[in-house]
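The values are calculated or read from the model by the stated rules, or taken from the named source; none is laboratory data. Since the structure is predicted, the reported quantities are computational estimates derived from the model, not experimental observations. Cβ placement follows ideal geometry from the backbone for every residue including glycine, while neighbour counts extend to all protein chains displayed. With ligands, DNA and RNA removed, areas are computed over all heavy atoms of the protein, side chains included. Shrake-Rupley method; radii C 1.70, N 1.55, O 1.52, S 1.80 Å.
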Amino acid sequence: MERADVRIDDRTLARLHQTSGAIGWGVSADAFAAVLCASVAHGFATPPPTSDLDVYLSSLHVSDLALACACRAGHDGAWEHFIRELRPALYTSARTIAGDDGRELADSLYAELFGLPGPDGERRSLLAYYHGRSRLITWLRSVMVQRLIDRRRAHARFAPLEEDEPADVRSTTVAPDPERQRLSMLAQKALDAAIDGLDARDRLRLRLYYGQDLTLARIGRLLGESEATVSRKLERARRTLRADVLSVLRTRHGLSEPAVQQCFEYAADGPELQLDRLLAGAEDG
């Protein structure tokens with residue numbers, strides 16, 4: 001099969017179509033071939049050699065790609081699966097990212113995923129930009145973070161200036177904060193210390209949820225806990241992490257409240273803090 005200068009042999013396409021579960025979602029072989037070729041075209045500036053193409057295709061999350069393709073096509077069963085398996089995790093992530101505004105953020109994203117009508121009246125889904133290179137829930141969390149950053153920037157851009165502020169001050173470009181690197185480093189140290197202070201079981205739940213993208217139900221089966229218990233203990237661990245990070249920044253590093261707030265703003269508006277201690281610790285079993 002060939003799409004936009006991308007050539008995938010028919011045997012490979014048949015195998016991926018079968019293993020992805022696309023058949024169960026009513027996604028035809030040709031439709032699935034199109035999304036695979038689009039993914040390859042997005043990942044490579046020029047058509048890759050066969051060896052690189054095989055490695056790339058084997059790295060894709062084809063089950064999630066098939067689900068996204070079916071949802072874009074409006075398959076009722078696919079959307080029911082999405083609502084049952086992914087939307088709860090989406091709401092949980094939104095609450096973690098945006099606090100009380102998380103539900104509204106997730107709902108607005110959900111509308112974009114279902115598809116908004118374009119100028120020609122045709123429904124266009126945000127899922128068209130998902131190419132299977134990460135888990136679907138991981139991609140959704142990244143999109144939510146970017147949506148939140150865009151909202152904050154838009155709010156800052158259109159916020160009215162004080163009437164009594166001098167014109168020459170209003171027109172001055174704000175220089176980068178020279179403290180940004182130091183505060184970001186302190187935030188990372190505080191996060192590492194807070195993770196070290198967590199109970200091993202809490203670290204494991206967080207790692208399975210954020211590092212391996214397992215559903216609450218799957219984590220519950222692995223740990224012998226109910227889905228509600230996993231959800232409750234995850235929320236408790238998140239609150240503990242935040243409280244401990246605040247405590248470390250205030251007491252150990254002696255930061256003022258404005259500096260602590262600046263740490264969190266830099267974390268939200270820049271590269272994600274490294275979670276190596278949380279996601280890699282095999283000592284938790």
(request) Name the one entry in Leu53, Leu65 that is in contact with a Ser or Thr (Cβ under 8 Å, 6 or more places away or on another chain) and in contact (Cβ under 8 Å) with a residue 40 or more places away in the chain. (result) Leu65
(message) Condition (residue is of a type in the set (Lys, Arg), at negative phi, open to solvent by 60 Å² or more (accessible area, probe 1.4 Å) and modelled with pLDDT under 90) applied to region 4-14: is it met by at least one residue?
(response) yes
(message) Considering only residues that are at pLDDT below 85 and of a type in the set (Gly, Ala, Ser), which ones fall in region 196-212?
(response) Gly211
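Please return the ranges of helices (runs of 4 or more DSSP H) entirely within region 214-285 where 2 or more residues are in contact with a strand residue (DSSP E or B) (Cβ under 6 Å, 6 or more places away or on another chain), of a type in the set (Val, Ile, Thr) and at pLDDT below 80.
Qualifying helices (runs of 4 or more DSSP H): none found.
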(request) May I ask you to list pairs of residues, at least six apart or on different chains, whose Cβ atoms are under 6 Å apart, with the first in region 192-220 being more than 13 Å from Ser231 (Cβ to Cβ) and the second being open to solvent by 40 Å² or more (accessible area, probe 1.4 Å) and not in a helix (DSSP H, G or I)? (result) Asp213/Arg135
(request) Examine region 101-108 for a residue that is surrounded by 16 or more Cβ atoms within 10 Å (Cβ to Cβ), under 24 Å from Leu216 (Cβ atoms) and basic (Lys, Arg), and state whether such a residue exists. (result) no
(request) Filter region 42-57 down to residues that are aliphatic (A, V, I, L, M) and open to solvent by less than 60 Å² (accessible area, probe 1.4 Å), then give me how many there are. (result) 2
(message) Taking the conditions exactly as written (surrounded by fewer than 19 Cβ atoms within 10 Å (Cβ to Cβ), hydroxyl-bearing (Ser, Thr, Tyr), in a helix (DSSP H, G or I) and modelled with pLDDT of 80 or more), does Ser39 satisfy them or not?
(response) no
(message) Any residue that is part of a helix (DSSP H, G or I), touching a residue at least 24 places away in the same chain (Cβ under 8 Å), in contact with a Gly (Cβ under 9 Å, 6 or more places away or on another chain) and open to solvent by less than 70 Å² (accessible area, probe 1.4 Å) - is there at least one of those in region 81-90?
(response) no
(request) Quick one: in region 1-36, of everything that is assigned to a loop (DSSP other than H, G, I, E, B) and among the polar types (S, T, N, Q), which residue is farthest from Leu67 (Cα to Cα)? (result) Ser28
